[in-house]
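Visitor: Before I ask anything, here is the structure I am working with.
The values are calculated or read from the model by the stated rules, or taken from the named source; none is laboratory data. A quick note: this is a predicted structure, and the numbers were derived from the prediction, not measured. Cβ: placed from backbone, ideal geometry, glycine included. Neighbour counts: every protein chain shown.
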Amino acid sequence: MTNEAGEVSGASGPTSVEAMAGDGHRVCTTSGGREACNADGNGRGPLERDQTNGVSKLIIFNVKYSQNLGDGVIAQCLEHELGQALGGAEIVSIDLAGRDAWTDPGTGRLRLLKLAVLRSLPGLAKDQITAFALGRILGRLRPHWESRVRGANVALVGGGQLIQDVDLNFPLKLSAAFDICRAERVPMGVVAVGVSAPEPGNRLGGDLLRNVLTSDLVCVAARDQASCDNLAKRGRPGAEICLDPGLLASRLWPVAPTKRLSGRPIVGLGVTHGSVLSHHSARTGPVRAVDAKLFADLALGLAWNGFDVHCFTNGAGEDMEMLAQVSALLDGPRDTSLERFPMKWKPVRRKKMRQNKKLERRSGSVRSEHSLDAAGTIRVLTRPQDPQQLARMIAGFDAVVAHRLHASIVAYSYRTPIIGLAWDKKVDAFFQSVGLGRFVCAFGPESLDDVLALTHEAMEQGVEPVRHQDVLETCAENIRSVAAQVVANAGQSQCIHAAA
């Protein structure tokens, strides 16, 4: 996942963000602690209706307002499900980068420059610079976090890939959050997190995370077995599994099926910047180089195999930079030979591609469109503005091909076939967890044909409805189990505080 290493959009004070369910009920409000998640939905009520069960205030440390809106999907789904289980409890999200709203990231060039500088530095220098910069930022955020934590019954860390050593970002932030909660006598838990393996060369980051994970926690739950195994390597064995809350996107934001005007299936092609993949990858060995031409070639191959292709991003600024490059290539002269895409799976007539006229700028969600003779259309979509827009956009696709984990998770929630482009072990772990491990594919010039074949196969197979329903209900039950542990701990904490 792409999360900002110390970027602060301002800790200017509480704001309120509200999500609406399909029936119009308010399903979640989060802010500086003024409103609660208290909605009704899907027939699954709280542990005791209209009661807080001893939990009056629950904190969730996350990256809710990240530019990568997949993080926001996780946060809102977790808030909503906990809100249902805990009735009238006040649920407050604290973004670990100090952000308090979803904003347009603008250009991703500054972020890309920061990544390039960090990659160029030796390990010790990188750690020293990161610790100095984040130390100043956390110093400004600390009073803000203290005021929000004060009076809470429990604080949770989750979900998303928060347990990782990269650049000391999360180790320092989570350590600060733990110190504040300990000072305020607020018990902590870890829920639905992704966990990377410890980095041998990052002893400081590993030690900071180990101190948090080996403390007396209310609950410890990771989103997949691989993450549980990595928690054990970090000194916390025996973790439970709490599936990724993003799986519940389709329950939070239900979408009615729509009829395709063209009659062609739509493939959502998620575009991600190669620098992000290289920087955050937790795979053995180097990540394949990914550039705009590779995405453009795949889009053309999909279109010539009878699909309409919608190129999109999860919202990160650096991904939008890559999407702009892809759009420019699609608008320019094409030298791609049709022989590279032999169309084994669909009887599409081979005709010469004609160069499209200049980019057609449109209002709404379509940024540009590129047409081909006797084949599909390629569209470049505008950036979604919030997690709900991202989810609804993905729900409109007939298949999704993407690197970003939460493009795949959200698509799976809506029973949309998914093809994962390999770059990080967390992608493999999720696909394995839902029985789709063979639909993770390498992405390179020599493997485009494999991606096309898997796309056809995934659409023909579909998403098995019984397994899908079981996965979503298991996810909801996992979160209700966390809520029950929170309630039990709240009762114990009240007894301890009263005795003190």
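Visitor: Does Phe132 meet the test of being surrounded by fewer than 23 Cβ atoms within 10 Å (Cβ to Cβ), aromatic (Phe, Trp, Tyr) and at pLDDT 95 or above? Steps first, answer last, please.
Guide: Numbers: surrounded by fewer than 23 Cβ atoms within 10 Å (Cβ to Cβ): yes; aromatic (Phe, Trp, Tyr): yes; at pLDDT 95 or above: no.
No, not satisfied.
Residue-wise test of (1) of a type in the set (Lys, Arg); (2) within 23 Å of Ala458 (Cβ to Cβ); (3) surrounded by fewer than 24 Cβ atoms within 10 Å (Cβ to Cβ); (4) modelled with pLDDT under 60.
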position: Glu339; (1), (2), (3), (4): no, no, yes, yes
position: Lys351; (1), (2), (3), (4): yes, no, yes, yes
position: Leu372; (1), (2), (3), (4): no, yes, yes, yes
position: Thr377; (1), (2), (3), (4): no, yes, yes, no
position: Gln389; (1), (2), (3), (4): no, no, yes, no
position: Arg392; (1), (2), (3), (4): yes, yes, yes, no
position: Gly396; (1), (2), (3), (4): no, yes, yes, no
position: Val410; (1), (2), (3), (4): no, yes, no, no
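Visitor: Looking at region 80-129 only, could you name the residues that are modelled with pLDDT of 75 or more, more than 28 Å from Pro387 (Cβ to Cβ) and surrounded by 15 or more Cβ atoms within 10 Å (Cβ to Cβ)? Step through it out loud before you land on a result.
Guide: Initial filter on region 80-129 (modelled with pLDDT of 75 or more): 80-105, 128-129.
Next, from what is left, pick out any that are more than 28 Å from Pro387 (Cβ to Cβ): 128-129.
Across region 80-129, the qualifying residue is only Ile129.
Visitor: Determine which single condition Gly206 fails, assuming it passes every other condition in (1) under 30 Å from Val154 (Cβ atoms); (2) modelled with pLDDT of 95 or more.
Guide: (2)
Visitor: Whether any residue in region 273-282 is surrounded by fewer than 18 Cβ atoms within 10 Å (Cβ to Cβ), over 12 Å from Thr377 (Cα atoms), modelled with pLDDT under 95 and not hydrophobic (A, V, I, L, M, F, W, C) is what I want to check. Before the answer, list the steps.
Guide: Going residue by residue through region 273-282, those that are surrounded by fewer than 18 Cβ atoms within 10 Å (Cβ to Cβ) are 278.
Okay, now just the ones that are also over 12 Å from Thr377 (Cα atoms), so 278.
Retained after the next criterion (residues that are modelled with pLDDT under 95): 278.
Checking the rest, the ones that are also not hydrophobic (A, V, I, L, M, F, W, C) come to 278.
Taking every residue of region 273-282 in turn, at least one turns out to be surrounded by fewer than 18 Cβ atoms within 10 Å (Cβ to Cβ), over 12 Å from Thr377 (Cα atoms), modelled with pLDDT under 95 and not hydrophobic (A, V, I, L, M, F, W, C).
Visitor: Something else about it: Go through region 191-238 residue by residue and tally those that are in contact (Cβ under 8 Å) with a residue 40 or more places away in the chain, among the small types (Gly, Ala, Ser) and either part of a helix (DSSP H, G or I) or surrounded by fewer than 14 Cβ atoms within 10 Å (Cβ to Cβ) (or both).
Guide: Number of matching residues: 5.
Visitor: Would you point out which residue out of Ser493, Ser481 is modelled with pLDDT under 95, surrounded by fewer than 19 Cβ atoms within 10 Å (Cβ to Cβ), hydroxyl-bearing (Ser, Thr, Tyr) and in a helix (DSSP H, G or I)? Quick ask: steps written out before the conclusion?
Guide: Working: Ser481 fails: modelled with pLDDT under 95.
Checking each option against the conditions leaves just Ser493.
Visitor: Here is a follow-up. Hey, does region 251-273 have a residue that's assigned to a helix (DSSP H, G or I), touching a Phe, Trp or Tyr at 6+ places or on another chain (Cβ under 9 Å) and of a type outside the set (S, T, N, Q)?
Guide: In the first step, residues of region 251-273 are kept if they are assigned to a helix (DSSP H, G or I); the result is 251-252.
Going one step further and asking which of them are touching a Phe, Trp or Tyr at 6+ places or on another chain (Cβ under 9 Å), we end up with none.
Checked region 251-273: no residue is assigned to a helix (DSSP H, G or I), touching a Phe, Trp or Tyr at 6+ places or on another chain (Cβ under 9 Å) and of a type outside the set (S, T, N, Q).
Visitor: Related question: Name every residue in region 136-166 that is of a type outside the set (A, V, I, L, M, F, W, C), over 20 Å from Tyr65 (Cα atoms) and under 26 Å from the mean Cα position of the chain (by Cα), in order of residue number.
Guide: The answer is Asp165, and nothing else.
Visitor: Another question, then. What about Ala177, is it buried (at least 20 other Cβ atoms within 10 Å of the Cβ) and at pLDDT 95 or above?
Guide: Details: buried (at least 20 other Cβ atoms within 10 Å of the Cβ): yes; at pLDDT 95 or above: yes.
So Ala177 fits the description; yes.
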